[in-house]
Structure formats: C-alpha cells, structure tokens
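Accompanying notes for the structure given below.
Readers should treat all values here as calculations from the given coordinates under stated rules, not as data from a laboratory. Predicted model, so just to flag it, every value in this text is computed and none were measured. Please note: Cβ atoms are built from the backbone with ideal geometry, for glycine as well, and neighbour counts cover all protein chains shown.
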Amino acid sequence: MSKDGEQSTIRSAMIFLRIGEIHRLQDKHEEATKMYKQGLAVAQSTGDQAVIARLFLQLAETHRIQCNFIEAEASYTKAMAICGSIGDHLRRASALHGLGEIQRALSKYVDAEASYTQAMTIYASIGNDQGRAHAPRGLGEIQRAGAKYVDAEASSTQAMTICSGSGGDLGRTNAIRGLGSIRQVSRNSVNAASSSSSQAMTIYSSNGRELGRANALLGLGNIRRERSNYVDAEASYAQAMAIHASIGNEHGRADALVGLGLVQRAQSNYVDAEVSFTQAIAIHASTANGHGRANALLALGDVQRARSNYVDAEASFTQAMAIYVSTGNTRGQANASVGLGDVQQARSNYVDAQVSYTQAMAIYATFGVDHSRADALLGLGDVQLAQSNYVDAQASYTQAMAIYASTRNEHGRADALVGLGLVQRARSKYADAEASYTQAMAIYARIGNEHGRADSLVALGDVQRARSNYVDAEASYTQGMAIYASIGNEHGRADALVGLGLVQRARSNYVDAEVSFTQATAIYVSTGNEHGRANALLALGDVQRARSNYVDAEASYRRAMAICTSIGNRHGRASAFLGLGDVQRTRSNCVDAEASYRRAMAIYASIRNEHGRADALLKLGNVQRARSNYVDAEASFAKAMTICATIGDDAGWTNSSLALSRIHIRQARYPEAKALINDAARTSDRIHYVWGKRASSKLLKEVLKAETSATEPRPLPPALPHMTHAEDTAAVPLSAQATDANTSDSAALLL
C-alpha cells in the first residue's frame with residue numbers, strides 16, 4: 001500500500017472512531033459499537049497501534065455503559081497492553097482506571113483497588129492532575145461499598161482538592177477522559193461537541209477542573225448520605241448542582257438532583273423527593289440520556305412505593321425497564337425487576353414478587369455482580385418471611401450475609417443480620433434474634449449509619465416487647481425515635497412511636513398508647529405513607545377495643561381496611577378483618593365474628609401466609625368454642641397447631657395447644673389435655689414466653705383438680721389469664737412489606 005493510501009486508511013479509522021463517539025453521545029450504543037469495530041478492522045490492517053488503542057478504549061467504555069462487563073474488561077486489557085508497548089502512559093492509565101471501574105462493578109474490590117492505585121501512580125508520574133483525581137474517586141467508591149466511610153470521605157476530599165488546585169491544559173493531556181467528560185458536559189449540544197475532537201478537547205480543557213470538583217462533591221454527598229449525615233450531604237449535592245449548572249453540564253446537574261432526592265427520601269420528605277427526581281427525569285429526557293432517565297425513574301418509583309402509590313410506582317419501574325431493554329442494559333433490567341418485586345411484595349403479590357427477585361438474581365449472577373445479587377436475596381427473603389417460609393427465608397438472608405461479608409460490604413451484612421433476626425423472632429428464637437439485632441446495631445454504629453442503627457434499635461425493641469421485657473423495649477424505642485428525629489426521618493419516628501404505643505398498651509397504659517398511635521398516624525398522613533397509616537389505625541383500634549370503646553375500634557379497623565383495599569395491600573386487609581372479628585367476638589356477635597375470621601383466613605391462604613392463617617384459625621376456634629361447637633373448634637385448633645409446627649412458630653403452637661387442651665378438659669380427656677399443657681409449658685420455658693408459662697400453670701392445676709374431683713365431663717375451665725396484645729402477637733415477624741424501615745408487629749398483624 002502506498003504511503004498516501006495508508007494515510008487515507010488511517011483517516012478512515014479515525015472517522016469511524018469519531019462517528020462512534022457521536023453515536024455514543026446519543027446513547028446509540030449498538031451503532032457506536034459497530035463503528036468502533038469497523039474502525040478496528042481498518043486500523044488493524046495498517047498496524048496503527050495508537051489508533052487501535054483508542055478504539056479499544058472507546059469500545060470498552062461503550063461495553064461498560066451497557067453493563068457488558070466481560071467484553072469491556074477484555075477491551076480495556078487489550079488497550080492497556082498496546083499502550084504499554086508503545087509508551088502511551090496516559091491512555092494506559094485511562095485503561096487501568098476503566099478496568100478498575102469494571103472490577104468495582106463486579107464487586108472485585110481487591111483487584112479494583114490495585115487497578116486504581118496503578119492508574120494513580122501513572123497519572124502522578126506524568127503530572128496529570130485530572131487523571132490523578134479520577135483514581136481517588138474510584139477508591140472512595142470501593143471504600144464506601146465496604147462501609148469504610150472515613151477512608152472514603154478522605155479519598156473524595158483528596159480528589160476534590162486535586163481538582164480545585166490543578167490547572168493547565170488538562171483536557172489535552174487526557175483526550176480519552178476528556179471525550180468521556182464531554183459526554184456529560186455537552187449532551188445538550190451533541191453536534192457541536194462531536195464536530196471535531198479538537199473542539200471537544202477545548203471544551204474539556206476549559207471545564208475539566210470544575211467538572212472534577214463537582215463530581216468529587218457528588219461522591220462526597222453519597223458518602224455523607226450513607227452515613228445519615230443528611231445536612232452535609234444536601235450541601236454537597238447543592239454545591240455540585242451549582243457547579244454543573246455554571247459549566248452547562250445538564251447530565252451532572254441531573255445526577256446531583258437525584259442525590260438530593262435520595263436525601264429527601266431518607267428524611268421522609270417524599271413530596272420534595274418526587275420533585276427532585278421528576279426534574280432529573282426531565283433533564284435526562286431533554287438531553288436524550290436514556291440511561292440517566294431510567295435510573296431516575298427507579299428512584300422515583302421507590303418514593304412512590306414508600307407513599308403506597310403502587311400503581312404509579314409500578315408504572316415508573318416498568319418505564320425504566322423498557323428503557324433498559326431498548327438500550328440493551330441487562331443490569332438495569334435486573335434493577336427494575338427488584339423495584340417491581342418490591343411493589344409486588346407490598347401489594348401481597350408474593351408469587352410475582354418471588355419471580356421478579358429470582359429473575360434479577362439470575363441476571364446479576366451472569367455478570368458476577370455479587371452485591372446486587374445479595375440485595376435481591378434480601379428481597380426474596382422478605383417474601384419468604386411474609387409467606388411464613390422461615391427455612392428458605394433464613395437461607396436467603398444467610399446467603400446474602402455471606403456475599404456481603406466476602407465483598408466487604410458491612411452495610412449489607414448488617415441489613416442481612418436484621419432480616420435474619422426477623423426470622424428468628426418469628427420462630428420464637430428470641431435470644432438469637434436479640435443477638436442478630438445487637439450485631440447489626442454494632443456494625444451500623446461502627447460505620448456511622450445512624451438510620452440503620454435506629455432501625456435495629458426498633459427491631460430489638462420488638463423482641464424485648466415480645467419477651468415482656470417492657471422497660472428495655474421502651475428504652476430501645478425511645479432511643480430509636482431520638483435518632484430518627486436527629487436525622488430528620490419522620491417515617492422511622494412514626495414506626496418507633498407505634499412500637500412505643502404497643503408497649504404502653506401491653507402495660508395497660510391505654511391513654512398514652514392512644515396518644516402514641518395518634519401521633520404516628522398524623523406523621524404517616526403528613527408523609528403520605530398509607531401503609532404506615534393503616535398500620536397505626538389498626539394498632540389504635542386494638543387500644544380502643546381494650547378500652548371497650550367498640551364503636552371507635554370498629555371505625556378504626558374499617559378505615560384501615562379501606563386504605564389497604566385502595567392501595568392493594570391484601571395482607572393488611574386480612575389483618576383488618578381479624579381486628580374487626582375481635583370486636584364482634586367481644587360484643588358476642590359470634591356469627592359476624594366467624595365470618596370476619598373466615599374472610600381473613602381466605603386472604604391469608606391466597607397470599608400463602610401460613611402464620612396469618614394459623615392466627616385466623618385460632619381466633620375462629622375460639623368463636624366456635626364460645627358457640628359450644630366443640631367439634632369444629634377442636635378441628636380449628638388442631639389445624640392451627642399443625643401449621644405452627646410446620647413453620648416453626650413455637651409461640652403460635654403454644655397458643656393453639658393450650659386452646660385445644662381446654663376442649664379436652666371439657667370432654668374429660670385429661671391425659672391428652674395434660675400432655676398438651678406439659679408440652680406447652682416446656683416450649684414456653686424454652687422460648688421465655690411469659691403468657692404461655694402463666695396459662696400452662698393455671699390449666700395444669702385445673703386439669704389435676706378435675707381428674708381427682710369429677711367423674712363426669714366438667715364445664716370448660718375458667719378463662720385463661722388475659723393475654724396482652726404483645727403476648728398475643730409475640731411470634732409475628734415485622735412486616736416484610738415495610739422495606740423502608742422496621743415497622744412494628746402492631747395488633748394488625750400487618751405482614
């Protein structure tokens with residue numbers, strides 16, 4: 001080939017490179033990939049290693065954006081090798097940095113740290129401050145993922161300092177990174193940006209320092225947000241937003257808005273959070289940034305779900321899914337599947353939720369994205385818990401915990417410990433549950449996550465209340481409430497108030513309990529949390545029923561039922577039927593009570609909630625016994641016992657066993673009654689079930705007396721000791737639907 005012909009071929013390869021860049025700026029990743037591959041074919045025919053390296057770098061970046069991590073890793077590795085052989089240190093460092101990004105996305109934190117460190121060393125040796133600032137940001141993200149927030153904050157601050165103090169023609173010394181930044185800075189002027197690489201480098205040269213500082217502020221905001229330092233996080237996002245606006249970087253401004261929205265959401269400021277996410281979506285739409293728009297839609301869907309606006313939430317997640325599918329972003333599709341699973345779980349559509357989480361896990365597994373797979377496992381565990389499938393739920397939480405531990409994700413490990421505690425509590429393993437919550441609390445405290453610490457305190461309070469340890473429970477709820485107040489989390493504060501109200505109710509302090517539930521209801525109304533509002537109304541109904549205020553109690557249950565019906569929460573609706581049945585039974589309206597319990601039982605069966613079904617059977621049996629329908633009552637109690645034994649609910653089994661023993665005493669079947677009572681007593685001792693101990697002792701005395709003094713069937717023994725609501729629901733786990741905070745197992749049994 002002549003020299004002129006060779007130069008023409010090289011120019012052709014560069015044309016393919018630049019056309020590919022234009023496509024990439026427009027999110028046309030498949031077209032960009034096609035151009036880069038054609039350019040590679042041309043450049044490889046001439047052996048121009050410099051152009052080949054540039055094409056591999058751009059191809060790798062396109063693969064990374066599409067989450068094609070295997071292909072991206074291969075392209076970065078090839079670019080790195082070529083740049084090393086031709087002495088192109090700048091692009092070799094860029095390839096190392098890109099490789100670190102891939103390794104971080106795959107949770108290969110040790111390898112990622114090595115890649116970032118090598119890149120930083122090269123940037124420092126050639127005096128490239130902009131590149132030197134990129135590596136600490138990547139290191140900061142690794143440290144943040146491992147909950148090393150102090151180190152992460154130091155890395156982000158270092159990056160920001162470098163960006164603030166550096167000068168010179170940074171864009172010209174880092175053309176590859178410059179082009180990547182133009183994708184952010186000039187999305188709203190794609191044609192001008194892509195007209196020539198020299199013009200692109202000029203734009204980067206003038207804006208690179210401020211862009212780097214704004215990006216470092218975003219990273220700092222993320223760290224502060226995860227540490228529940230919402231005031232400083234908001235300040236960081238606001239500064240980043242201002243800088244991005246000043247340099248015309250709409251993409252960066254939208255990212256800062258999303259960060260700001262996440263802070264507002266964490267503070268239960270759902271209205272402002274929706275505004276922030278909606279603004280970000282509009283910006284991404286105007287700049288044709290499909291990836292950014294989809295991510296913002298996911299965040300918006302989470303807020304809508306938190307407000308119990310499930311229809312809109314499902315629409316947001318579905319829109320995001322469509323965008324991810326159209327751009328070939330498989331990992332984004334998995335994220336959208338998790339969001340849809342959360343909505344389905346909240347609406348008690350457990351079968352669909354399980355499918356969504358399982359699909360997401362399968363996708364994450366293909367990419368090797370362990371931390372995201374662990375997140376999906378947590379969601380799956382929540383569904384299994386809600387269905388009383390405690391064995392599988394424990395396996396899911398334990399597996400997630402192992403993954404988080406292997407990837408040094410302390411935050412995730414603590415979340416998994418909380419989930420494990422829920423299972424242990426549901427199975428009446430209170431000591432194990434306390435240990436799990438205490439471990440989680442220690443981790444949250446160590447990594448500076450105040451939100452998580454408050455959540456675990458409320459969960460610990462639930463266990464202490466179930467064990468009738470009311471003094472410690474009240475202290476836990478009060479501490480949790482104080483933390484929520486200090487970080488501005490109104491939703492969490494309301495959850496802690498519900499827990500506190502349940503302690504007050506268990507101690508027959510009905511006036512204070514009613515105040516607590518009323519305050520919680522007001523907070524839920526103000527934050528638009530319909531699920532929480534229904535929960536508090538059901539708890540309020542229990543207090544009103546305990547005070548013999550049956551008219552108001554029935555009204556509270558019916559209001560809660562209406563809310564649950566409107567938001568599609570079948571689980572909550574079943575709980576409302578239980579409460580309504582309790583009022584009707586107390587007022588001797590046995591026919592209506594039986595109908596209410598049967599409706600609750602049917603709903604629990606339809607959503608595969610065995611715990612709820614057993615509870616409804618126990619209540620139904622009590623009504624049948626009150627109507628002297630002993631045969632049916634015996635059948636109901638026996639079924640409840642079988643279910644509780646199957647799912648490992650020791651407290652529920654004890655309640656059903658003692659109820660059945662009363663029937664046996666009535667029928668003069670004393671040996672069978674004694675066997676049940678003795679087993680219940682042993683179980684109560686083992687799980688520290690106070691009511692079970694008292695009831696067993698009273699019934700055992702009664703049956704022994706009956707054996708020695710009667711030859712004919714006796715009337716039913718006197719009523720058992722009054723069961724406080726805390727004792728009645730001792731084995732009920734936290735609501736698996738309440739993914740934003742730990743809600744209490746209110747009288748509603750809202751699971």
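Under 17 Å between alpha carbons, and skipping anything fewer than 8 positions from Lys34 in its own chain: which aspartates and glutamates qualify?
List returned: Glu21, Glu61, Glu71.
Can you give the log10 of the normalised intensity I(q)/I(0) at q = 0.15, 0.21, 0.27, 0.31 Å⁻¹, computed with Debye over equal Cα scatterers of segment 329-377?
Log10 I(q)/I(0), no solvent term: -0.32, -0.59, -0.89, -1.08.
Report the calculated FRET efficiency for Ser486 and Ser326 (r = Cβ-Cβ distance, R0 = 56 Å), to the nearest 0.05.
0.80
Projected onto the charge dipole of segment 560-689 (+1 at Lys/Arg Cβ, -1 at Asp/Glu Cβ, origin at the Cα centre), which of Asn609, Cys564, Ala659 gives the Cα projection farthest towards the positive end?
Result: Cys564, furthest along the dipole toward the positive end.
Stretched out fully, how many nm does the piece from Asn509 to Ala562 gain, at 0.36 nm a residue minus the Cα gap?
Here the segment from Asn509 to Ala562 would lengthen by 16.3 nm.
Express in nm, to one decimal, how much length is gained between Val551 and Thr642 on full extension, taking 0.36 nm for each residue of separation and deducting their alpha carbon distance.
Residue separation times 0.36 nm, minus the Cα-Cα distance, leaves 29.2 nm.
Could you give the semi-axes, largest first, of the ellipsoid that matches segment 413-541, computed as the square roots of 5 times the alpha carbon gyration tensor eigenvalues and rounded to whole Å?
So the three semi-axes of segment 413-541 are 23, 18, 12 Å.
If I model a spin label as a point 7 Å beyond the Cα along the Cα-Cβ vector, how far apart are those points for Ser85 and Ala605 in nm?
7.2
Looking at this model, which pairs from Lys639/Lys705; Lys639/Lys701; Lys619/Lys698; Lys78/Lys108 are more than 23 angstrom apart at the alpha-carbon?
Distance filter (> 23 Å) returns Lys639/Lys705; Lys639/Lys701.
Applying a 10 Å radius around every beta-carbon, put 328-339, 454-465, 546-557, 519-530 in order of their mean neighbour count, most first.
My ranking of the peptides, most packed first, is 454-465, 328-339, 519-530, 546-557.
What does the extension gain come out to for Ser12 and Thr117, with contour length at 0.36 nm per residue minus their alpha carbon separation?
That pair, Ser12 and Thr117, stretches by 34.2 nm at full extension.
Just how large is the dipole of segment 513-647 about the Cα centre, in debye to the nearest 20, putting +1 at every Lys and Arg Cβ and -1 at every Asp and Glu Cβ?
The calculated dipole for segment 513-647 is roughly 200 debye.
Gap in Å between the Cα centre of segment 660-683 and the Cα centre of segment 71-107?
Each part reduced to its Cα centre gives a spacing of 73 Å.
Contact order normalised by length for segment 580-654, with contacts defined as Cα pairs under 8 Å and 6 or more residues apart; what percent is it?
24
If you average the C-alpha positions of segment 445-485 and of segment 503-577 separately, how far apart do those two centres end up, in angstrom?
First find each Cα centre; the distance between them is then 21 Å.
Evaluate the distance, in nm, between pseudo-label points positioned 7 Å from the Cα of Asp679 and of Ala74 along their respective Cα→Cβ axes.
Placing both labels 7 Å along Cα→Cβ, they lie 6.1 nm apart.
Filter the chymotrypsin sites (Phe, Trp or Tyr not before Pro) in segment 627-676 to those in DSSP coil with at most 14 other Cβ atoms within 10 Å of their Cβ, and list the result.
none
Could you work out how far apart the two model spin labels at Ile126 and Asn629 are, taking each label as a point 7 Å from the Cα in the direction of the beta carbon, and quote it in nm?
8.3
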